[in-house]
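The values are calculated or read from the model by the stated rules, or taken from the named source; none is laboratory data. Worth saying up front: this structure is predicted, and the values here are computed from it rather than measured. Backbone-built Cβ (ideal geometry, glycine too); neighbour counts: all protein chains shown. Please note that ligands, DNA and RNA were not included when accessible areas were found on the heavy atoms of the full protein model with its side chains. Shrake-Rupley method; radii C 1.70, N 1.55, O 1.52, S 1.80 Å.
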Amino acid sequence: MTNNKGGLHCRVCGLLQSEPPWGEDGKDPSYEICDCCGVEFGYEDATPAGVVRARKKWRESGYRWVESSARPEDWDPAEQLQYAWHVDGLEAE
């Protein structure tokens with residue numbers, strides 16, 4: 001598994017967060033909800049398989065934003081996903 005760049009991005013969708021979703025140490029989740037994919041940090045993203053399941057669900061929703069008002073006008077899911085966790089051998093398209 002490759003880590004998201006800097007630990008400030010959602011593991012599922014790659015959205016930049018204002019606070020580290022998994023705390024400064026990378027071990028203590030905030031249990032906040034991602035505005036983009038809706039994952040609860042520390043719950044759906046706690047395991048590599050959970051990240052893959054949550055990403056698949058988000059992808060199947062058409063990359064729908066939970067907080068649509070937070071979505072940038074020029075948003076590109078492929079660009080954002082570059083900052084998400086990528087799980088070798090488990091990614092399913």
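Of note:
- Accessible area of the range 11-93 belonging to carbon and sulfur atoms, whole % at 1.4 Å probe: 47
- Range in the chain, longest, excluding exposed trypsin sites (Lys or Arg not before Pro) [loop by DSSP; at most 16 other beta-carbon atoms within 10 Å]: 28-63
- Modelled FRET efficiency - R0 25 Å, Leu16 with Ser61, Cβ distances, 0.05 increments: 0.75
- Accessible area of the range 1-83 divided out per residue, in Å², using a probe of 1.4 angstrom: 62
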